[in-house]
Every structure is written in C-alpha cells, then in structure tokens.
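Trainee: Here it is, the structure in full.
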Amino acid sequence: MKTGIIGLPQVGKTSLFKILTKAPVDAAHHNPREAHIGVAKVPDDRLDRLAALYGPKKLIHASVEYSDVAAIGQEALKDTAYATALRGVDALAHVLRAFDDPSIPHVGPVDPLRDARNVDFDLMINDLGQVEKRLERVEKDLKKMRGPELEKEHELLLKCKAQLEAEKPLRELELVPEDRKRLRGFMFLSQKPILYVLNISESTDLGGELEKAVEKFNLKELASRPNAGATAICGKVEAELAEMDDAEAAEFLSSYNLKESGLTRLIRKTYELLGLISFFTVGEDECRAWTVDRGIKAVNAAGAIHSDLEKHFIRAETIHWDALLEAGSEANARAKGTLRLEGKDYIVKDGDVMHIRHSG
Ligand SMILES: Nc1nc2c(ncn2[C@@H]2O[C@H](COP(=O)(O)OP(=O)(O)OP(=O)(O)O)[C@@H](O)[C@H]2O)c(=O)[nH]1
Ligand SMILES: [Mg+2]
C-alpha cells in the first residue's frame, strides 16, 4: 500500500516523512521534483504481545510505503513527473499547517480548512484537464464509429466532468464496480482516499489538544465525507519521540498526557480509510502481520500469504489475538474451545490469528 504525503510549502511534509519512515533525507543532493520514498513499519501492540508469547526468531510488522513530494500547487501538478508520482499512490495524506511559528512562513493566517479546500481544488482542476482531454478523444471516435463500451465511457466522463465542475472531488462520487474499473486507468487525484493531517503546536496538554484538533480547526465536516478522514499530530514532538528508545518514549508520552504516538494513530486512520485490517500468523520461527481488505474471506486471506495456500485451502484454525493471549497457548485455547476451525467463507476479523491447514 502506498500513501503520498502532500501539502502546501513548509507545512511539515518532509518532517512527517522522516518520522514515519526513519529514512535519512539528504536535502542538499535532492532534486525537489523527485519524491522521497520510504517504508514505515505499522506499529501494532497486538503483534508485539503475541511475539512476547512465542519469542519468534523473526518478527514482521505490516508496512506502508510513503512518498514525500514537493509542495503541491497547480504549477507543480503541471510537471508530468510530479503528477505521475502522485497518481501512483493508493491514498493521500494531506499535511495541513495548524501550528503557530512566526519563523516558518505561510501564505496568510493559519487556516487549515482553507488550505484543505484549496489543495482539493488543485487536484480537481488537474483531473478536469484529464477528463476533458479524454472526452475530446472519445467524442471524435464516437463520430467515426459508435460502440456500447465507448458510449458508456462517454457517459461516465460526462458524469465526472459535472462532478468536478460543481467543485466536488471524484472520491465523493458513487460508482458501480464496472465504472470504477473504467476509471482506474486514469488514476485521478481527487478520487484517491484522503487523510487530512493537522500538524498542531506543541502544548502541555498535547493529548487533549490532539483529541480536539479536528473539531477546533473546523475539519469535522470535510472529514466525514466519503473516502475522507482526519487526524492530528504534532510534528515537533513526534520528531523528538522518534529519537528515543521505547522506555524513554513511554515516559515522554505520559508527560504530554498521551496514550500513543500520533504516528500510531495516523497509520491506523489510514488503515480505516482504506478499509484495511490485519490478521496474524504466529509461531516460534516467525510472528507476522498481514494486511488485507476488510470483509475478506479466509480462503483469500490465505492467498495473501501464499497462492498455494489459497489453492489447497482446507480450513483455518482461528482465534482472536486477545483470546490467545488469555489462554496462554494454542493447546490451552484448543482445550477451552476458543480456537476454532473456520471454512473458506469465514469473514476474517481484524486481529484474528490464523493457521491455514492445506493439502499439498
Ligand atoms: N514549530 C514547528 N515547526 C515545524 C513543525 N513541523 C515542521 N516544522 C518546521 O517547518 C519547516 C518545514 O518543514 P518540512 O518538514 O521541511 O516541510 P515541508 O512541507 O516538507 O516543506 P517543503 O517540502 O519545502 O514544502 C522546518 O523548518 C521544520 O522544522 C511543527 O510541528 N512545529
Ligand atoms: Mg519537503
């Protein structure tokens, strides 16, 4: 899964990228039009606790790829390389300036809602350009020869055009699966699920401020739209956290009245937005988290591990992670009856631990 970090100049995109991926960023030798790419480990307390039970040789967290691009705007989007880098992502994290700091310039007063709308507008303008270009082509072709597929595409493009001209992003458009498929190749920017990320000021009650931020900065309505969400972080505090070991970090978090790091929340929100869940495989060799779509069947989840497991699937020994911890071992869980055998059509739940039984 790939997430693109976007936002206006100097809002904290690269800072967020560095904290998420812990990747060194060499600003001096970097072409600003090229994206930084890095992988973030998805923090998961459930997996960590399962690993404590098994003491595995390998512990593998789920991961998310992030790309950090230069500041967004209509000019930047005209650059093909820039636009292409963005089109390739599955979701957008839009960093919004919400912190006060007179030494870091910002266009006009701090107003994340205005910025969110302006950038969404830029995304829509870019998509509209694409739609119009394709429409022209399709209309030319239709004059030469009519065909049902071309007519359907024409109708769909007109629908997109109307949506964009009404200044509504394509992510809010309801589409049947066939139309979704028809649009896939365009990789429209305003169609991507978006997480608005408020970068707020440091404060003594940061825990409380983070909770309130979405409401305080008037992002609630925007975040409640289809395929959108919002969360808050404090880039400055997160940057300090990233440098600490776990014990130091825990103490630091509690001194700010925080239960978890903002990054944990940000990644979780991205998961929710994309409709993703995790299930686990455990053992003395390896404990591992797997990322799958919410609503997936056991047999297809097995396929995420290996295609052979999907092909030769018999049953999945399944237990929810907390029931396994409570039982203390799989043998105990089996004796208690909390370890179940599930068939192909079982709908996997977030936090399930599974052993796939297979033939072959
Ligand atoms: N006070 C404060 N400053 C921050 C925060 N986050 C980032 N900054 C500062 O803002 C400046 C820009 O941060 P970057 O992370 O480089 O921002 P960016 O969005 O990547 O900037 P461009 O790529 O140039 O558009 C740096 O000087 C950061 O130290 C924050 O939470 N609080
Ligand atoms: Mg940057």
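The values are calculated or read from the model by the stated rules, or taken from the named source; none is laboratory data. All values derive from a computational prediction rather than experimental measurement. Please note: Cβ atoms are built from the backbone with ideal geometry, for glycine as well, and neighbour counts cover all protein chains shown. For accessibility, only protein heavy atoms count, side chains too; no ligands or nucleic acids. Shrake-Rupley method; radii C 1.70, N 1.55, O 1.52, S 1.80 Å.
Trainee: When only DSSP loop residues count, what trypsin sites (Lys or Arg not before Pro) in segment 207-279 have their Cβ near at most 10 other Cβ atoms within 10 Å?
Mentor: Listed in order of number, the matching sites are K259.
Trainee: Something else: Summarise the accessible area of the chain (1.4 Å probe, protein heavy atoms) by the percent that is carbon and sulfur.
Mentor: 51 percent
Trainee: What is the set of long-range amide H partners of I314 at a cut-off below 5 Å, with H atoms built 1.01 Å from backbone N?
Mentor: Counting only residues 5 or more places away or on other chains, the set is R357, H358, S359.
Trainee: Sequence gap at least 6, Cα distance under 8 Å: using those rules, report the relative contact order of segment 176-323 to the nearest whole percent.
Mentor: Relative contact order for segment 176-323 comes out at 18 percent.
Trainee: Considering only A232, W290, A301, whose Cα is most displaced toward the positive end of the charge dipole of the chain, charges sitting on Cβ of Lys, Arg (+1) and Asp, Glu (-1)?
Mentor: Positive-end residue among those listed: A301.
Trainee: Please list, ordered by chain and number, the residues whose modelled amide H lies under 5 Å from the amide H of H320; skip anything fewer than 5 residues away on the same chain.
Mentor: Under 5 Å from the amide H of H320: V353.
Trainee: Sticking with this one: Mind listing the long-range amide H neighbours of L96? Cut-off is under 5 Å, sequence gap 5 or more, other chains count too, H placed in the peptide plane at 1.01 Å from N.
Mentor: Under 5 Å from the amide H of L96 lie the amide H atoms of V197, L198, N199, each far enough along the sequence or on another chain.
Trainee: Mind listing the phi-derived Karplus ³J(HN,Hα) values for segment 86-102, rounded to whole Hz, using 6.51, -1.76 and 1.60 with θ = phi - 60°, and x for any glycine or proline?
Mentor: 6, 5, x, 8, 8, 8, 10, 10, 9, 7, 10, 6, 10, 8, 8, 6, x
Trainee: Right, next: Return the distance in nm (one decimal) between the two label points of a simple spin-label model at V110 and A304, each offset 7 Å from Cα along Cα→Cβ.
Mentor: 3.8 nm
Trainee: What is the sum of charges around R225, taking Lys and Arg as +1, Asp and Glu as -1, for the other residues whose C-beta is under 11 Å from the C-beta of R225?
Mentor: So the environment of R225 carries a net charge of 0.
Trainee: Which of the trypsin sites (Lys or Arg not before Pro) found in segment 72-157 are in a DSSP loop and have at most 11 neighbouring Cβ atoms, other than their own, within 10 Å?
Mentor: R146
Trainee: Would you mind working out the accessible area per residue for the chain, using a 1.4 Å probe, and quoting it in Å²?
Mentor: 51 Å²
Trainee: With springs connecting C-alpha atoms under 10 Å apart, model the chain as a Gaussian network and identify which of L198, L150, L170 has the largest mean-square fluctuation.
Mentor: Fluctuation is largest for L150.
Trainee: Let me ask something else about it. Whats the longest run of the chain with zero GluC sites (Glu not before Pro) that are DSSP loop and have at most 14 other Cβ atoms within 10 Å?
Mentor: 35-166
Trainee: For K336, go through the lysines and keep the ones whose alpha-carbon is under 27 Å away, minus same-chain ones fewer than eight residues off.
Mentor: Of all the lysines, those that pass the test against K336 - Cα under 27 Å, at least 8 places apart if same chain - are K297, K344, K349.
Trainee: Also, quick follow-up: To make sure I understand the rule: partners must be aspartates and glutamates, Cα under 12 Å from the Cα of K192, and not fewer than 8 residues away in the same chain. Which ones qualify?
Mentor: Of all the aspartates and glutamates, those that pass the test against K192 - Cα under 12 Å, at least 8 places apart if same chain - are D90, D120, D127, E172.
Trainee: A further question follows. May I ask for the distance between the Cα centers of segment 96-111 and segment 236-307, given as a whole number of Å?
Mentor: Segment 96-111 and segment 236-307 have Cα centres spaced 31 Å from each other.
Trainee: Quick check: residue separation of E178 and L341 times 0.36 nm, minus the Cα distance between them. What number comes out in nm?
Mentor: Gain on stretching E178 to L341: 55.1 nm.
Trainee: Can you work out ³J(HN,Hα) from phi for every residue in segment 296-305, in order, using Karplus 6.51 cos²θ - 1.76 cosθ + 1.60 and θ = phi - 60°, giving whole Hz and x for Gly and Pro?
Mentor: Once θ is set to phi - 60°, the couplings for segment 296-305 become 5, 8, 3, 5, 6, 4, 4, x, 5, 7 Hz.
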